[in-house]
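Engineer: Take a look at the following structure, please.
We did not get these values from a lab; they are worked out from the coordinates using the rules stated. Fair warning: this is a prediction, and the values are worked out from it, not measured in the lab. A quick note on method: Cβ atoms are made from the backbone with ideal geometry, for glycine too, and the neighbour counts reach across all protein chains shown.
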Amino acid sequence: MINCPHCNKPSTSRWEKYCSSTSDPFICRRCNQPSSIPGFVESASALLYFFAVFVALNVFAFTVMEYRSSGEANGPTVGAILIALLVFSVAVEVAKAYLVPLKALSDSYVDGRKTTAKKATVFVIILVLAAAFLGKCGF
């Protein structure tokens, strides 16, 4: 069990900690206060994933270009690249579950994050609908 940052008593499992976010926090069973993995950790892990996929695509592209020019591929196979990405993602997620401490959140902060998340969701839905409409119109 992991200690709650508010009451400092064991109240959550690693899985509940891992699944918590700033817009959907873990609520302590003992003190009824919200806590989650810090938002900057989520942003940093998303940036790491983007960088890893970018590097993997570049490695794959250079392997394909070498194969087209010389007729033999000396780089990693697609399977090796995918396995490396899988191992990388598992390592990042395990690090988040075991190494990152829970952050105590206030109720007003959680409400603000939920409002922001709802606005972002509405914006994405409008953007997708606009793109579909413009696609139907020939743009």
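Engineer: How would you rank 122-129, 99-106, 87-94, highest first, on the average number of other Cβ atoms within 10 Å across their residues?
Structural biologist: By packing density, highest mean first, the sequence is 99-106, 87-94, 122-129.
Engineer: Checking a compactness column here: for the range 1-114, what do you get for Rg(Cα) / (2.2 N^0.38 Å), N being the number of residues?
Structural biologist: Its radius of gyration relative to the 2.2 N^0.38 Å reference: 1.50.
Engineer: Which of the lysines could a cross-linker span from LYS118 if the Cα-Cα distance has to be under 28 Å and same-chain partners fewer than 8 positions apart are dropped?
Structural biologist: Those lysines meeting the cut-off are LYS17, LYS96, LYS103, LYS136.
Engineer: If packing is taken as the mean number of other Cβ atoms within 10 Å per residue, what is the order of 107-114, 22-29, 63-70, 130-137, highest first?
Structural biologist: Per-residue mean Cβ counts within 10 Å order the peptides as 22-29, 107-114, 63-70, 130-137.
Engineer: Give me D for the range 48-139 in µm² s⁻¹, whole number, from Stokes-Einstein with Rh from the Kirkwood sum over alpha-carbon pairs, 4 °C and 1.567 mPa s.
Structural biologist: Translational diffusion coefficient: 73 µm²/s.
Engineer: By residue number, which cysteines of the chain lack any other Cys whose Cβ falls under 4.7 Å from their Cβ?
Structural biologist: CYS19, CYS137
Engineer: What's the magnitude of the charge dipole for the range 26-101 around its Cα centre, counting Lys and Arg as +1 and Asp and Glu as -1 at the beta-carbon? Answer in Debye, nearest 20.
Structural biologist: So the dipole magnitude of the range 26-101 works out to roughly 400 debye.
Engineer: Using just the C-alpha positions of the range 53-95 as equal point scatterers, what log10 of I(q)/I(0) does the Debye formula give at each q in 0.21, 0.25, 0.32 1/Å?
Structural biologist: For the range 53-95 at q = 0.21, 0.25, 0.32 Å⁻¹, log10 I(q)/I(0) is -0.66, -0.81, -1.06.
Engineer: Measure nothing but the geometry: give the 0 to 90° angle between the long axis through the Cα atoms of 107-136 and the longest principal axis through the Cα atoms of the chain, rounded to 10°.
Structural biologist: Between helix and principal axis, roughly 30 degrees.
Engineer: Could you tell me how many degrees, from 0 to 90 and to the nearest 10, lie between the Cα long axis of helix 78-99 and the main elongation axis, the longest principal axis, of the Cα atoms of the chain?
Structural biologist: With both axes taken from Cα atoms, the answer is about 10 degrees.
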